[in-house]
1. Just to verify a result, which residue in segment 44-59, among those that are touching a helix residue (DSSP H, G or I) at 6+ places or on another chain (Cβ under 9 Å) and farther than 30 Å from ARG91 by Cα, is surrounded by the fewest Cβ atoms within 10 Å (Cβ to Cβ)?
2. State yes or no: is GLY59 assigned to a loop (DSSP other than H, G, I, E, B), small (Gly, Ala, Ser) and within 17 Å of the chain's Cα centre (by Cα)?
3. Pick out the one residue from LEU47, LEU20, LEU89, LEU77 that is assigned to a loop (DSSP other than H, G, I, E, B), hydrophobic (A, V, I, L, M, F, W, C) and free of Cβ contacts under 8 Å to residues at least 40 places away in the same chain.
4. Could you run through segment 2-17 and say how many residues are surrounded by 15 or more Cβ atoms within 10 Å (Cβ to Cβ), of a type in the set (Gly, Ala, Ser) and touching a residue at least 12 places away in the same chain (Cβ under 8 Å)?
5. Return the only residue of GLY63, GLY36, GLY55 being at pLDDT 85 or above and within 23 Å of ASP5 (Cα to Cα).
Amino acid sequence: MRLLDIGEVSRQAGVPASALRYYEEIGLISSVARRGLRRQFEPDVLLQLALISMGKAAGFSLGDISAMFGRDGKPDLPRKDMHDRANELDRQILELTALRDTLRHVADCPAPSHMECPTFMRLVDLAGKRRRKGIKVRLKTLD
């Protein structure tokens, strides 16, 4: 088996060497040897880094991602957490879709002033209600 130098891992994974050192420091990945001062990794570290990147893109923290790897460094992805995160992404998609539609309406509204546009005023009112409701829900979870 051919080991990969930290520079090669960095190039192939598109992750800065400093991030690789940090990931190793917090236990997300591990080098298996040194060649001089340069860390050497097994090729499967590239899969681990791809999963870390995917987890970060999905909004998981590095701590969450760390828990998704077994002691052997192999992925052990908790399905419930994946479903929960997918549901959260669905909620965000709905909110972003509503925001996009609002912006398009504002851009295309024929009213002389947006303050005179009933649709715009209704959208502003709905956004305020959603915001207040979101704050109340978050405050309940902090209690």
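1. LEU46
2. Criteria met by GLY59.
3. LEU77
4. 1
5. GLY36
The values are calculated or read from the model by the stated rules, or taken from the named source; none is laboratory data. Owing to the predicted nature of the structure, the values given are computational and were not obtained by experimental measurement. No Cβ is skipped: glycine too gets one built from the backbone with ideal geometry, and neighbour counts run over all protein chains shown.
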